[in-house]
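> Dropping the structure in here first, questions after.
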Amino acid sequence: MSDAFDRSDPAPAPPAPAGSRAPTAEPPYFKGLNEEQRRAVEATEGPVLVLAGAGTGKTRVLTTRLAHILMTGLAHPGQVVAVTFTNKAAREMKDRVAAMTSRPVEGWWLGTFHALAARILRRHAEAAGLKPNFTILDADDQLRLLKQVMEGHGIDDRKWPARMLLGVIQRWKDRGLTPEKVSEEEGGTMADGRLMQLYAAYQDRLRTLNAADFGDLLLHNLTLFAEHPDILAEYQDRFRYLLVDEYQDTNVAQYLWLRLLAQSRKNLCCVGDDDQSIYSWRGAEVGNILKFEKDFPGAGVIRLERNYRSTPHILGAASGLIAHNEGRLGKTLWTGVDAGDKVGVRGVWDGEEEARVICGEVEAKQRDGHSLEQMAVLVRAGFQTREFEERLITLGIPYRVIGGPRFYERRETRDAIAYFRVIVSPDDDLAFERIVNVPKRGLGQATLQSIHRLARGQGVSLHDACRMITETDDLRPRARTTLAALIADFERWRSQLEILDHTELAAVVLDESGYTEMWMKDRSPEAPGRLENLKELVAGLGDFENLQGFLEHVSLVMENEDNATDEKLSLMTLHAAKGLEFDIVFLPGWEEGLFPHQRSLDEGGLKGLEEERRLAYVGLTRARRKAHVTYAANRRIYNQWQSALPSRFIDELPEEHVDAMAESGLYGAQARPVLRETPRTFSFRQAGRTPRRRDGVILDGEAWEIDTAEGDSRFEEGARVFHQKFGYGRVESRDGNKLEVVFDKAGAKKVIDSFVEPA
């Protein structure tokens, strides 16, 4: 393998020609920097934006710039602020700079935004209404505290989940909004129109407890700087230079904090890539980097465009794709290595075949001597991992899921499986104990202890103990009624085992138990993904003859412990892959609705689409030597086949950098899917073939057009459907793509058919 694929930093510069005049001695840390990297290091005065494309050696630029400032005496460590987004990155930067300068690391202001803000806040805690020994609450403590505040204000946690309200409050803090700065319109009708009051009471309670949450660290800093100009002036005078990594991922509060500190000297260097801004869902504002020159007139912009990671074909494909974004500053990546292989694009029949093809390719690469450590499968949504995990286990290929647990180890998956286990085996105490109060049914600790005591005393299962205790007066009426209803539910579901298809029964259980509704009401960023995982779990049941067979399979999968091998294939979402790189990258699921994800399009419009495109760019640029893109003609949701259009991103890949494969026989050898977008109309055209159908779904044909504005709905009257917000319902009537649906719990609603799925 060429060294160019193993090294993120450039090779040393060639020696001077014989007979030339010896150059002036320069620091050893300049050795190997290319021209643009060196400019970024030496441009110490005034505001500088370093646009660092993927694989262009930005980490080296940051560390070398910091070393240069210290070694030339422009500042000592206590006069420089270097901000990273993770503690790991801060430690690595500190170690590298210490090695470059051969000096002890003491008194540095190097760390994450929250760590540095906490350091300032502890020095001036009294001015913020706190004591220096204040406590920083974790997520669980924050939630518990808000629930106490809600209870004091008479807000029902079942109607307005505390987790959802806390998420809104944290987003306000990310935008630098204290309670008095939140407008009435922002507060809206949440918490019965009293969310702003809850926010203020929550902040008062934090001060009473001498505590702060993570959002407060920066928020209190901003308040300190605004209300105490002398404190701000102290830090503006102290900090001669500010360096910021991953500037495209900053939120509003972080942006305001940096602007205030840099206002005096203006020696601010921000390193980032607008094409890799993919975290808007957690408050990141790509606009911060796009308006840098406006915020700091006269700022220098240095583009790092020489890539030391990927081949020209990979870079060409990624650059051609991202060029379709309007909200970007623009740069063109290039590399000096050989062209390498083109980006492979392949159509397959369905998700199962996609997993089989990709895992087979992984197995073949491993046989050819490629390390599993240098291969990765990057998915858009977490639920996609299930089919890959199943196939990898079947083939005996070791793998790791990065950024989260394996599919069957996820909370929502384990909860759902626990329900299924109790239906099949009522004496399964571990499963019953897990879900007896999930979702919450108002069963307190005293009630649960009473059930346990009865079970131990009578030598029966918890399930039977619940039935027995409901026939006594040992429990309060409400708890007795709740338990009786739960036992009745399990008996009814158990009686339907021989009547309903097991996939249909699974959907019924998750719905009637209130478990699906629990996640529908949850407003945390993870909730939509959990719902998708539940859908995938139900779909996966269709591969088994019955519920018992599925549960036996899961037990065997869970027993498949990690072996001692060090080599494992990496399986992760595209969001988790940022900052990583591999020789070979597989990118499955490039289909409309999945990637770009429909939720991003519905909620974000053009901005959402452009962030999805940046996510595709990130995925492609993780590959050093080879990138494989796949898309399926079908996806199975709730055990029903749904046809899929190839992602528009495939059509945006420049043809000269793409190799369209058709081993699956779905397309002709030279076929290339084309997705042409016109106003609200999507067309899918393929090489001329006779249309094929499977389970009534058209798979391919000479022309397949879907008009999302005027076309007839795919749902017939009387069809059962599922809506992310309203739950299950039945189609009463339709008008084009507009449906009138009577939902089981939400009543009659008018919705667009693209917002519902078959149930």
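> Tally up the residues in region 320-355 that are part of a helix (DSSP H, G or I) and open to solvent by 40 Å² or more (accessible area, probe 1.4 Å), please. Walk me through it before giving the result.
Narrowing region 320-355 to residues part of a helix (DSSP H, G or I): 320-322, 351-355.
Restricting the remaining residues to those that are open to solvent by 40 Å² or more (accessible area, probe 1.4 Å) gives 352.
Of the residues in region 320-355, 1 are part of a helix (DSSP H, G or I) and open to solvent by 40 Å² or more (accessible area, probe 1.4 Å).
> Only one of these is open to solvent by less than 50 Å² (accessible area, probe 1.4 Å) and among the acidic types (Asp, Glu): Asp543, Asp428, Asp474. Name it. Spell out how you get there, then give the answer.
Values: Asp543 fails: open to solvent by less than 50 Å² (accessible area, probe 1.4 Å); Asp474 fails: open to solvent by less than 50 Å² (accessible area, probe 1.4 Å).
Every option except Asp428 fails the conditions.
> Run Tyr408 past the list (1) farther than 20 Å from Gln449 by Cβ; (2) assigned to a helix (DSSP H, G or I); (3) at pLDDT 90 or above and report the number of the one that doesn't hold.
(3)
> Say whether the condition of being under 34 Å from the mean Cα position of the chain (by Cα) and open to solvent by less than 20 Å² (accessible area, probe 1.4 Å) is met by at least one residue in region 86-95.
Within region 86-95 (the criterion being under 34 Å from the mean Cα position of the chain (by Cα) and open to solvent by less than 20 Å² (accessible area, probe 1.4 Å)), the answer is yes, since at least one residue qualifies.
> Also, quick follow-up: Return the residue satisfying two criteria in turn: it lies in region 137-162 and is over 18 Å from Ala211 (Cβ atoms) and at pLDDT below 90, and of such residues it is nearest to the chain's Cα centre (by Cα).
So, considering only residues that are over 18 Å from Ala211 (Cβ atoms) and at pLDDT below 90, the one nearest to the chain's Cα centre (by Cα) is Pro161.
> Answer yes or no: is there a residue in region 266-283 that is touching a residue at least 12 places away in the same chain (Cβ under 8 Å), aliphatic (A, V, I, L, M) and more than 25 Å from Arg175 (Cβ to Cβ).
No.
> Let me ask something else. Given the structure, is Arg303 within 17 Å of Leu329 (Cα to Cα), in contact with a helix residue (DSSP H, G or I) (Cβ under 8 Å, 6 or more places away or on another chain), open to solvent by 40 Å² or more (accessible area, probe 1.4 Å) and outside any loop (DSSP other than H, G, I, E, B)?
Against the criterion (within 17 Å of Leu329 (Cα to Cα), in contact with a helix residue (DSSP H, G or I) (Cβ under 8 Å, 6 or more places away or on another chain), open to solvent by 40 Å² or more (accessible area, probe 1.4 Å) and outside any loop (DSSP other than H, G, I, E, B)), Arg303 qualifies.
> Tell me whether region 67-74 contains one or more residues that are closer than 30 Å to Val168 by Cα, touching a residue at least 60 places away in the same chain (Cβ under 8 Å) and buried (at least 18 other Cβ atoms within 10 Å of the Cβ).
Within region 67-74 (the criterion being closer than 30 Å to Val168 by Cα, touching a residue at least 60 places away in the same chain (Cβ under 8 Å) and buried (at least 18 other Cβ atoms within 10 Å of the Cβ)), the answer is no, since none of the residues qualifies.
> Across region 178-195, which residue is nearest to Gln254 (Cα to Cα) among those that are touching a residue at least 24 places away in the same chain (Cβ under 8 Å) and open to solvent by 20 Å² or more (accessible area, probe 1.4 Å)?
Only one residue fits best here, namely Pro179.
> Filter region 40-66 down to residues that are open to solvent by 10 Å² or more (accessible area, probe 1.4 Å) and either of a type in the set (Lys, Arg) or not in a loop (DSSP other than H, G, I, E, B) (or both) and give me whichever is farthest from Glu305 (Cα to Cα).
Glu42
> State whether one or more residues within region 310-318 are closer than 14 Å to Arg614 by Cα and either open to solvent by 20 Å² or more (accessible area, probe 1.4 Å) or of a type in the set (Gly, Ala, Ser) (or both). Can you show your working first?
Of region 310-318, the ones closer than 14 Å to Arg614 by Cα are 315, 317-318.
Retained after the next criterion (residues that are either open to solvent by 20 Å² or more (accessible area, probe 1.4 Å) or of a type in the set (Gly, Ala, Ser) (or both)): 317-318.
Yes, that holds for at least one residue.
> Let me ask something else about it. Inspect all residues belonging to region 111-131 and state whether any of them is over 22 Å from Leu261 (Cα atoms), surrounded by 15 or more Cβ atoms within 10 Å (Cβ to Cβ) and charged (D, E, K, R).
Looking through region 111-131, none of the residues is over 22 Å from Leu261 (Cα atoms), surrounded by 15 or more Cβ atoms within 10 Å (Cβ to Cβ) and charged (D, E, K, R).
> For region 411-418, does any single residue satisfy the condition of being free of Cβ contacts under 8 Å to residues at least 12 places away in the same chain, in a helix (DSSP H, G or I) and farther than 18 Å from Glu512 by Cβ?
no
> Something else: Among what's in region 423-450 and is outside any loop (DSSP other than H, G, I, E, B) and over 30 Å from Trp160 (Cβ atoms), pick the residue that is nearest to the chain's Cα centre (by Cα). Full working, then the answer.
So the first thing to find is which residues in region 423-450 are outside any loop (DSSP other than H, G, I, E, B), and the list is 423-424, 429-435, 445-450.
Applying the additional criterion that residues be over 30 Å from Trp160 (Cβ atoms) yields 423-424, 429-431, 450.
Values: Ile423: 33, Val424: 35, Asp429: 34, Leu430: 31, Ala431: 29, Ser450: 42 Å.
In this case the residue turns out to be Ala431.
> Go over the candidates Leu256, Leu321, Leu290, Leu261 one by one and state the one that is of a type outside the set (S, T, N, Q) and touching a strand residue (DSSP E or B) at 6+ places or on another chain (Cβ under 7 Å).
None of the others qualify; the one that does is Leu261.
> While we're here: Among the residues of region 596-630, which ones are more than 22 Å from Phe755 (Cα to Cα) and out of contact with any Leu (no Cβ under 9 Å at 6 or more places or on another chain)?
Scanning region 596-630 gives Arg614, Arg624, Arg625, Lys626.
> Filter region 356-400 down to the residues that are surrounded by fewer than 20 Cβ atoms within 10 Å (Cβ to Cβ), touching a strand residue (DSSP E or B) at 6+ places or on another chain (Cβ under 9 Å) and not in a helix (DSSP H, G or I) and list them by number.
Within region 356-400, His370, Ser371, Ala381, Ile397, Pro398, Arg400 meet the criteria.
> Out of region 196-215, which residues are surrounded by fewer than 17 Cβ atoms within 10 Å (Cβ to Cβ) and either small (Gly, Ala, Ser) or touching a strand residue (DSSP E or B) at 6+ places or on another chain (Cβ under 8 Å) (or both)?
Quick first cut of region 196-215, residues surrounded by fewer than 17 Cβ atoms within 10 Å (Cβ to Cβ) only: 197, 200, 204-205, 207-210.
Scanning region 196-215 gives Ala200, Leu209, Asn210.
> Another question about this same structure. Is there any pair linking a residue in region 304-320 that is touching a residue at least 24 places away in the same chain (Cβ under 8 Å) to one that is in a helix (DSSP H, G or I) and basic (Lys, Arg), with Cβ under 8 Å and at least six apart or on different chains, and which?
Here the result reads Leu304/Lys58, each pair linking region 304-320 to a residue that is in a helix (DSSP H, G or I) and basic (Lys, Arg).
> Taking Glu293 as the residue in question, decide whether it is within 29 Å of Gly46 (Cβ to Cβ), open to solvent by 30 Å² or more (accessible area, probe 1.4 Å), assigned to a helix (DSSP H, G or I) and touching a residue at least 60 places away in the same chain (Cβ under 8 Å). Don't jump to the end; show me each part of the working.
Details: within 29 Å of Gly46 (Cβ to Cβ): yes; open to solvent by 30 Å² or more (accessible area, probe 1.4 Å): yes; assigned to a helix (DSSP H, G or I): yes; touching a residue at least 60 places away in the same chain (Cβ under 8 Å): yes.
When the stated conditions are applied, Glu293 passes them.
> Also: Could you say whether any residue in region 216-224 is surrounded by fewer than 18 Cβ atoms within 10 Å (Cβ to Cβ) and of a type in the set (D, E, K, R)?
no
> Can you name every residue in region 269-284 that is out of contact with any Phe, Trp or Tyr (no Cβ under 7 Å at 6 or more places or on another chain) and outside any helix (DSSP H, G or I)?
Those that are out of contact with any Phe, Trp or Tyr (no Cβ under 7 Å at 6 or more places or on another chain) and outside any helix (DSSP H, G or I): Cys269, Asp273, Ser277, Ile278, Tyr279, Gly283, Ala284.
> Just checking, does region 472-489 include any residue being hydroxyl-bearing (Ser, Thr, Tyr), at pLDDT below 85 and either farther than 17 Å from Glu512 by Cβ or touching a helix residue (DSSP H, G or I) at 6+ places or on another chain (Cβ under 8 Å) (or both)?
From region 472-489, those hydroxyl-bearing (Ser, Thr, Tyr) are 472, 481-482; that's our starting set.
Now drop any that are not at pLDDT below 85, which leaves 472.
Checking which are either farther than 17 Å from Glu512 by Cβ or touching a helix residue (DSSP H, G or I) at 6+ places or on another chain (Cβ under 8 Å) (or both) leaves us with 472.
Taking every residue of region 472-489 in turn, at least one turns out to be hydroxyl-bearing (Ser, Thr, Tyr), at pLDDT below 85 and either farther than 17 Å from Glu512 by Cβ or touching a helix residue (DSSP H, G or I) at 6+ places or on another chain (Cβ under 8 Å) (or both).
> Shifting gears a bit: If Arg163 passes every condition in (1) open to solvent by 70 Å² or more (accessible area, probe 1.4 Å); (2) in contact (Cβ under 8 Å) with a residue 40 or more places away in the chain; (3) not in a helix (DSSP H, G or I) but one, which one does it miss?
(3)
> Also: Let me spell it out: the conditions are (1) in a helix (DSSP H, G or I); (2) over 21 Å from Lys266 (Cα atoms), and Pro104 meets all of them except one. Which number is the exception?
Here Pro104 clears every test but (1).
The values are calculated or read from the model by the stated rules, or taken from the named source; none is laboratory data. Keep in mind that this is a model prediction, so the values were computed, not measured. As a convention, Cβ positions derive from the backbone with ideal geometry for all residues, glycine included, and neighbour counts pool all protein chains shown. To get the accessible areas, we keep the full protein, side chains included, count just its heavy atoms, and leave off ligands, DNA and RNA. Shrake-Rupley method; radii C 1.70, N 1.55, O 1.52, S 1.80 Å.
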